Amino acid sequence: MLFAGLLKHWGTKGPAELPAKRTHTYRQCVWSARTLGIAFQMPPRHPFNPLKVLRLLTGLGAPRAAVESAFDFIWGEGRDPDLEWPALCERLGVAADTPLIDDPTVKAALTAQTAEACAVGVWGVPTFRVREALFWGADTLPFMADFLADPALFEHPDMRRADGAEIGVERRR
């Protein structure tokens, strides 16, 4: 799915569009990866336009190995998919001039996946969907684990009260 599509749908900005949040988010990514022992290098430019990569992966059927390989290329090695498109395509075993990224069927599939995500309430990435519940962000993994252990978690009175809280003030747009 296209993150920018989510942002447009919900009328919000991404963390990289707010300077203080951008710095915090990038530092947190570096810290989290280091803490977890995960290879991570910030690409030289971010945000970058992910559209070609997403279309390519969608056109390939998004096999896990290809998604992981693209992810490692960008986030594990810190490489820019726009500036190093031929190298990314070579890594994925596809010609750099692949027609997949301009294929109307692939474009429609990516648009449909983004619309589907919006329709179920996804507003950010990463989002995990368990049954009908959404868990946003890696920091919600313990919350998701509790939900898996207790599927009635959201039926508890304190959760119901939180769900029913009224909006007291809304900012003008």
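A compact table of results
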item	result
From the options L88, L83, residue that is in contact with a Phe, Trp or Tyr (Cβ under 8 Å, 6 or more places away or on another chain) and of a type in the set (A, V, I, L, M)	L88
Those helices (runs of 4 or more DSSP H) lying entirely in the range 1-111 with at least 1 residues farther than 26 Å from R173 by Cα	19-36, 51-59, 64-71, 85-92
Criterion violated by H9 - all others in (1) touching a Cys at 6+ places or on another chain (Cβ under 8 Å); (2) over 26 Å from A62 (Cα atoms) satisfied	(2)
In the range 49-60, the residues that are crowded, with 16+ Cβ neighbours inside 10 Å and either in the same structural domain as L141 (by TED's automatic domain parsing) or under 17 Å from the mean Cα position of the chain (by Cα) (or both)	P50, K52, V53, L54, R55, L56, L57, T58
Residue pairs meeting the criteria (Cβ under 9 Å; at least 6 apart or on separate chains; first within 11 Å of R55 (Cβ to Cβ), in the range 90-107; second modelled with pLDDT of 95 or more and basic (K, R))	L100/R55; I101/K52; I101/R55; I101/K107; D102/R55; D103/R55; V106/R55; K107/R55
Restricting the range 77-95 to residues that are surrounded by fewer than 16 Cβ atoms within 10 Å (Cβ to Cβ) and touching a helix residue (DSSP H, G or I) at 6+ places or on another chain (Cβ under 9 Å), the residue that is nearest to K13 (Cα to Cα)	D82
Tabulated pairs, the range 1-23, first surrounded by 13 or more Cβ atoms within 10 Å (Cβ to Cβ), second among the acidic types (D, E), C-beta under 7 angstrom, 6+ apart or interchain	none
Subset of the range 89-118 [within 21 Å of the chain's Cα centre (by Cα) and basic (K, R)]	K107
From L88, L18, L83, residue being touching a Leu at 6+ places or on another chain (Cβ under 9 Å) and either farther than 25 Å from V120 by Cβ or not polar (S, T, N, Q) (or both)	L88
All positions within the range 117-140 that are in a loop (DSSP other than H, G, I, E, B) and either among the hydrophobic types (A, V, I, L, M, F, W, C) or surrounded by 15 or more Cβ atoms within 10 Å (Cβ to Cβ) (or both)	V120, V122, W123, G124, V125
Given (1) under 30 Å from Y26 (Cβ atoms); (2) within 22 Å of the chain's Cα centre (by Cα), number of the condition P86 does not satisfy	(2)
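The values are calculated or read from the model by the stated rules, or taken from the named source; none is laboratory data. As the structure is a prediction and not an experimental result, all values here were calculated from the model. Here the Cβ is made from the backbone with ideal geometry for all residues, glycine too, and neighbour counts use every protein chain on show.
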